[in-house]
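FYI, it's all coordinate maths here, none of it is from the lab. Everything quoted here is computed from the prediction, not taken from an experiment. As a convention, Cβ positions derive from the backbone with ideal geometry for all residues, glycine included, and neighbour counts pool all protein chains shown.
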Amino acid sequence: MTIHSLVHQHAVTSPDLPAVSGPDGTLSYRRLDAAAEAVAVRLRELPTATAVVLVDLPASVRRAAVLLGVLRAGRAYAVADPGWPRELRAEITELLGIGLTLTDAGGGAPGTWAPPSTEELLAAPDAPAPEPGDEDAPACLLFTSGTTGTPKAVVCPHRGVTRMFHPDPLIGFADRPVVPQLAQLQWDMGNYELWGALVAGGTALITADPYVTPDVMTRMVKERGADNLFITTALFNLLVDEGVGCFSGLKYVTTGGERVSVPHMRRFLDEHPDTVLICAYGPVENTMLTSVHPVVRADFEDPHGVPIGLPVPGTEVFVLDERRRECPPGTPGELYTAGAGVALGYVGRPELAAERFVDLEVGGAVRRLYRTGDKVLTGEDGLLRYVGRTDRQVKIRGQRIELDGVEAALGRLAGVHTVAVREARDASGSVVGITAYYVTDPAEPVEPVDLFRAARAALPSSHMPSRFLPVESMPMTARGKVDHQALEAL
């Protein structure tokens, strides 16, 4: 089913329950459905409303209604990043073939439209049932980093979003969750937060706070009733360090996006033993999530780290070797995903799409698969374990080294809260060593010389970093992941 048809079902069965709450008010499911239809009616009349429209509006209840209206109108949306330079914005707009931007800053210029105000949307008449639509049709274009400097636009279908929340919802989404929307909507997790809440019949909490701090989290829970949180690994670690009590009252906390930190997870569970902590994994190209795992303390002793778990509903996974044969349990291979979550491809990148989205006979049938580029293994318990990236491999003095493996080993050492490693290059650009950046407890700091000694017992000499640099905190990208490029400037 489509996103908007499932939201409409809640408008029929639970019309007065709060759907979206934000700085500009609250919309019940009935009012959200009506507001979306008002937007859809106008969009259908606009000749410039191309198959994909760009939404450039601040975080608000109004924006949520506009996005739902775009879907009701049979269009897909992309959300503008306020940090895009003018040239990049123009390049992306041309790449996506966008003829209409929904914005308040257009001043009536051609190709722009200012949607109705929140007050006007609140007054919209009740909406009829929408056209069922095609669940295979594009719903949203989500961005992921590109090697050329221009973000890649991944085309995600309705089915990719809805599979996780209907009819078999993910853990934490079966009982009307109250979900803070903390991530930006041009990224996958912002859409996971918004549509996860609405497709599941819960409440999406919109915030205008530009940064997530312990105080922001505390207000979300204590004053607004948040009970189900997704947060990137780097931000999770930061909040645990700065104020682990801010998670108090949450029923579910899901974290992912990078290799998780065992010390931070252990400290979290020590403080919040009744909260379900979930380790999540998933590239954008498999529409937000691929697998999840409720963390238990025994996971902290797993030599491969905390498992990334089992596939989410509507997803199949295959671990294949270089000849694309299935790997037996315990043998690392590249992770391929299949099922309803597999995206439709990249906009304007046919060569890359052909490389990453492939048709293979596997598991007794020909399937469309996405090659993640992630190296994993399956344990005897059936759970996936993350090993590293196939493209974070460097060669130093003839020795191939997995940087993710070095990070994992260092992250298990006593006193290390967070660690990231980068290759070190000489003036010619050749890789000559490894630099490790780490965050430690300010009250009991681990000196570089002490970490060096501990690392010698955990790593082969060929994998040893040549430099250990303590940092106060890890620089993060806009998506809440460790910014490896920024580390170089520290």
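Short version: what are the Cα gyration tensor semi-axes of the chain, square root of 5 times each eigenvalue, largest first, in whole Å? Intermediate results must be reported in sequence, preceding the final value.
Numbers: eigenvalues 297, 125, 102 Å².
Each semi-axis is √(5λ); the values are 39, 25, 23 Å.
Which shape class, rounded, prolate or oblate, goes with segment 94-148 when its Cα gyration tensor gives a ≥ b ≥ c as root eigenvalues, a/c under 1.5 marks rounded, and past that a/b bigger than b/c marks prolate?
Working: a/c = 2.43, a/b = 1.24, b/c = 1.95.
Oblate, because a/c is 1.5 or more while a/b does not exceed b/c.
Quick one: Kirkwood hydrodynamic radius for segment 238-311, alpha-carbon pairs, angstrom, one decimal? All intermediate terms of the calculation are to be shown ahead of the outcome.
On the way: mean 1/r = 0.0780 Å⁻¹.
Value: 12.8 Å, from the Cα pair sum.
Is the shape of segment 203-258 rounded, prolate or oblate, going by the alpha carbon gyration tensor and its root eigenvalues a ≥ b ≥ c, with a/c under 1.5 for rounded and a/b larger than b/c for prolate? It comes out rounded by the Cα gyration axes. Estimated at 0.36 nm per residue, the fully extended path between Lys222 and Val358 surpasses their Cα-Cα distance by 44.3 nm. Of the cross-linked pairs Lys375/Lys395; Lys152/Lys375; Lys152/Lys481; Lys152/Lys222, those separated by over 26 Å at the C-alpha level are Lys152/Lys222. With the cut-off at 1.5 for a/c, could you classify segment 392-487 from its C-alpha gyration tensor as rounded, prolate or oblate? Here segment 392-487 falls in the oblate category. Projected label points at Val244 and Thr477, each 7 Å from Cα along the beta carbon direction, are separated by 2.9 nanometres.
For Ala114, the residues whose amide H sits under 5 Å from its own are Thr103, ignoring neighbours fewer than 5 places away on the same chain, with H placed 1.01 Å from N.
Among 286-292, 167-173, 234-240, what's the highest-first ranking by average C-beta atoms within 10 angstrom per residue? Let's see the in-between values first.
Details: 286-292: 27.7, 167-173: 17.4, 234-240: 23.7.
Highest-to-lowest ranking by the protection proxy: 286-292, 234-240, 167-173.
Amide H to amide H, with H built 1.01 Å from N, Arg367 comes under 5 Å of Leu360, Glu361, Val362, counting only residues 5 or more places away or on other chains. All distinct Cα pairs of segment 282-388 go into the 1/r average, and the inverse of that average, the Kirkwood radius, is 14.3 Å. Summary value for segment 282-388: 29 percent relative contact order, contacts being C-alpha pairs under 8 angstrom separated by 6+ residues. Compute for segment 332-381: radius of gyration divided by Kirkwood radius, i.e. Rg/Rh, restricted to C-alpha atoms, rounded to two decimals. Looking at segment 332-381, the ratio lands at 1.01.
A protection proxy built from the mean count of other Cβ atoms within 10 Å ranks the segments 38-50, 271-283, most packed first, as 271-283, 38-50.
Peptides 294-305, 469-480 ranked from most to least packed by the mean count of surrounding Cβ atoms within 10 Å: 469-480, 294-305.
Could you give the distance between the Cα centres of segment 172-218 and segment 253-323, to the whole Å? Using only Cα atoms, the two centres lie 19 Å from each other. Distance between Cα centroids, segment 429-484 to segment 13-81: provide it in whole Å. The two parts, judged by their Cα centres, are 45 Å apart.
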